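A.B. asks: Here it is: the structure, laid out below.
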Number of protein chains: 2
Amino acid sequence: VTREDGGQQPSEGEDEWVGGLLARLPAHRALRVPPGHDCGAVSLGAGAGDGPLVVGTCDVLVDGVHFELARCGAAAAARKAVLVNLSDLAASASVPVAFWAGVVLPRGADHALFAALAEGFADVSREADVACAGGDTNVADGPLTISVTLLGRPGPMGVVTRAGAAPGDVLSVTGALGGSLDASLGGRHLSFTPRVREALALARHSVPHAMMDLSDGLSRDLPRLCRASGVGARVRRDDVPVHPDASRAGGDARSPLERALHDGEDFELLVAHAPLSEDTAAALRAEGVALHEIGRVVGPEEGIRLELPGRATAPLVAKGYDHLRQAARRT
Amino acid sequence: VTREDGGQQPSEGEDEWVGGLLARLPAHRALRVPPGHDCGAVSLGAGAGDGPLVVGTCDVLVDGVHFELARCGAAAAARKAVLVNLSDLAASASVPVAFWAGVVLPRGADHALFAALAEGFADVSREADVACAGGDTNVADGPLTISVTLLGRPGPMGVVTRAGAAPGDVLSVTGALGGSLDASLGGRHLSFTPRVREALALARHSVPHAMMDLSDGLSRDLPRLCRASGVGARVRRDDVPVHPDASRAGGDARSPLERALHDGEDFELLVAHAPLSEDTAAALRAEGVALHEIGRVVGPEEGIRLELPGRATAPLVAKGYDHLRQAARRT
């Protein structure tokens, strides 16, 4: 995946810009989960009371940023556009139902490209058991752009958000991290399995206090969960599960651990939860849900730090992908 | 609005490509209104039975195609991206509730552009009383691209679609057509009022059998409604309400009527309905809803024709905007 240094850089990062945007948006009586989490949620009821809740999330993928069309083909790009939204919806422990897809074709696109997009949408629709409920197609002088908005209904715990983590909570991830973007390793970021099943199992056992998916890298995403919850975090460096791809990835001299901490597009869930009882842990294992404990939630004044062997700690500095700053160079 | 002849043309038009796409999509038990109408609708229920219905629509707008950023600014572009979706939702006679916005900024975009987008979203959110429930922001080497998915709940008649028109029905439009795109006239396409109020009034009086919004021009959109309903149509040429902008628009030698028939982006509703009783007509007038009768629905074998003065008719040939073919040159 191409994510090169842009020419002119915005002076602030993504979170600051988006934070400014969110502050300008008016409140609305229908909003149950406002923007700023992996999913928003709104009440469909007519009055001020509670109506049925719909959960939604939107992601836009662009050729040259989130996939390379010439390498992966349009079907894989369309699939990924739905998969990343499934991952966001999983982070809210919701049940996916349907998506809308907006496509901008590069001028001169032929019918084969369009047909491959359709095939990708159809395939992922079947695999994930979600309906394609509509879309829009345009042609413009630019890269292939695929925007997907995915809707769902709340799962057994309602809508889980990034807020809700409290000091004393355990921090866990649902799988190993790092190296997802390396194309020579097959590009896990194109063909991952969104953790929908795992999230719903966690919700059935009332596990998550707060949750998000790891799309921009642990070091960039964890601070977002901490900010939303008003907490700090300690990550035990040696407990971070490192994906085999992180050892095999080329392109630069970073260590596998560095890749696990800072790479993006792992699409594993980051979960804050109470220490698991033996019963719950056994039940989750029986359902095939892996929770790798990587640290704990602390007070906000303690910041976000990495625990090194011995008693030393170091700040966990965000090096994950910033969509606006785009200062991170990836392999 | 720039809509020039592309270099390489797809060999088929938008409707054929999209039709092929829709044919590939798998059926899904949640779908209540499948893709192919102005809005889709899905049941949020867990089982096969009926759960709460959510109505949704998605439109993607691109700089140089649907707006000219350098001329109109980012706030107007963001507003338009929500307005066009409100128009689609109006066509289903639904009540708008919330939208998600996905934005691709051109590389090098400064914070002022981002702030203007935010202002546009905030303004239209207040004006239309809809929540912004989330979004996504990216940077890429391409034009400013704004994708909006808008959700709503069904109105008094449930979800009105393009299907349902029957021979004998009257065809009406909610306002005058033509000249919307002429930038020298202020660009009505950027600042129209979506017919949400009118659509809900029509639904309260059980008027619409079928409905759609006129975004690509009457001559291109009417055949879509006819195809979805399995009918033909007669349009009385001299009853088509021509907008004053259609007389004042420059750029080519087309007559005001030609502009009214073939221009796009009027965002008026096209309604098929039974002949109005005097009571209903009076009630609609009292609520400030204008219905201009322009023709009638006939059998499918009669095709789609324009009635000229006297007894002559002529085929109504689509010259509206085809997003894939892009053969229409606009002023």
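The values are calculated or read from the model by the stated rules, or taken from the named source; none is laboratory data. Computed from a predicted model, the values in this text were never measured in an experiment. We place every Cβ from the backbone using ideal geometry, glycine too, and count neighbours over all the protein chains shown. Calculation scope for accessible area: heavy atoms of the full protein, side chains included, ligands and nucleic acids excluded. Shrake-Rupley method; radii C 1.70, N 1.55, O 1.52, S 1.80 Å.
A.B. asks: Kindly provide the set of residues from region A:247-297 that are small (Gly, Ala, Ser) and in contact with a Phe, Trp or Tyr (Cβ under 7 Å, 6 or more places away or on another chain), ordered by number.
C.D. replies: Correct list: A:264 only.
A.B. asks: Residue by residue through region A:91-141, note down the ones that are in contact with a Phe, Trp or Tyr (Cβ under 7 Å, 6 or more places away or on another chain) and open to solvent by 30 Å² or more (accessible area, probe 1.4 Å).
C.D. replies: A:111, A:135
A.B. asks: Can you tell me which residue is farthest from the other protein chains (Cβ to nearest Cβ) among those in region A:129-155 that are within 29 Å of residue B:81 (Cβ to Cβ) and part of a loop (DSSP other than H, G, I, E, B)?
C.D. replies: Filtering region A:129-155 for residues that are within 29 Å of residue B:81 (Cβ to Cβ) and part of a loop (DSSP other than H, G, I, E, B), the one farthest from the other protein chains (Cβ to nearest Cβ) comes out as A:144.
A.B. asks: Please name all residue pairs, on different chains or six or more residues apart, with Cβ atoms under 6 Å, provided the first residue is in region A:74-97 and is closer than 12 Å to residue A:127 by Cβ and the second residue is among the β-branched types (Val, Ile, Thr).
C.D. replies: Going by the 6 Å Cβ cut-off, the qualifying pairs are A:79/A:124; A:82/A:124; A:82/A:148; A:86/A:196; A:96/A:130.
A.B. asks: Which of (1) on the phi > 0 side of the Ramachandran plot; (2) within 18 Å of the chain's Cα centre (by Cα) is the odd one out, the single condition residue A:158 does not satisfy?
C.D. replies: Exception for residue A:158: condition (2).
A.B. asks: Residue A:246: surrounded by 23 or more Cβ atoms within 10 Å (Cβ to Cβ), in a helix (DSSP H, G or I), of a type in the set (A, V, I, L, M) and modelled with pLDDT under 95, yes or no?
C.D. replies: Answer is yes for this residue.
A.B. asks: Hey, another quick one. When you look at residue B:264, is it crowded, with 18+ Cβ neighbours inside 10 Å, out of contact with any Cys (no Cβ under 9 Å at 6 or more places or on another chain), in a loop (DSSP other than H, G, I, E, B) and at pLDDT below 95, yes or no?
C.D. replies: yes
A.B. asks: Within region B:305-314, is there a residue that is surrounded by 14 or more Cβ atoms within 10 Å (Cβ to Cβ) and under 30 Å from residue A:105 (Cβ atoms)?
C.D. replies: Within region B:305-314, not a single residue is surrounded by 14 or more Cβ atoms within 10 Å (Cβ to Cβ) and under 30 Å from residue A:105 (Cβ atoms).
Residues are listed down the side, and each one gets a yes or a no for (1) aliphatic (A, V, I, L, M); (2) touching a residue at least 60 places away in the same chain (Cβ under 8 Å):
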| residue | (1), (2) |
| --- | --- |
| A:259 | no, yes |
| A:263 | no, yes |
| A:266 | no, yes |
| A:282 | yes, no |
| A:289 | yes, yes |
| A:298 | yes, yes |
| A:304 | yes, yes |
| A:307 | no, yes |
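A.B. asks: From A:97, A:18, which residue is at pLDDT 95 or above and within 11 Å of chain B (Cβ to nearest Cβ)?
C.D. replies: It is A:97.
A.B. asks: With (1) among the acidic types (Asp, Glu); (2) buried (at least 23 other Cβ atoms within 10 Å of the Cβ); (3) outside any helix (DSSP H, G or I) as the list, and residue B:252 as the residue in question, which single condition is left unmet?
C.D. replies: With respect to (1) among the acidic types (Asp, Glu); (2) buried (at least 23 other Cβ atoms within 10 Å of the Cβ); (3) outside any helix (DSSP H, G or I), residue B:252 is out only on (2).
A.B. asks: Restricting attention to region B:41-86, and to residues there that are among the acidic types (Asp, Glu) and within 12 Å of chain A (Cβ to nearest Cβ), which single residue is surrounded by the most Cβ atoms within 10 Å (Cβ to Cβ)?
C.D. replies: Looking at the filtered set, the residue picked out is B:59.
A.B. asks: Now a separate question. Could you go through region A:104-111 and let me know if any residue there is under 16 Å from residue A:57 (Cα atoms) and either part of a strand (DSSP E or B) or small (Gly, Ala, Ser) (or both).
C.D. replies: Looking for residues that are under 16 Å from residue A:57 (Cα atoms) and either part of a strand (DSSP E or B) or small (Gly, Ala, Ser) (or both), one finds none in region A:104-111, hence no.
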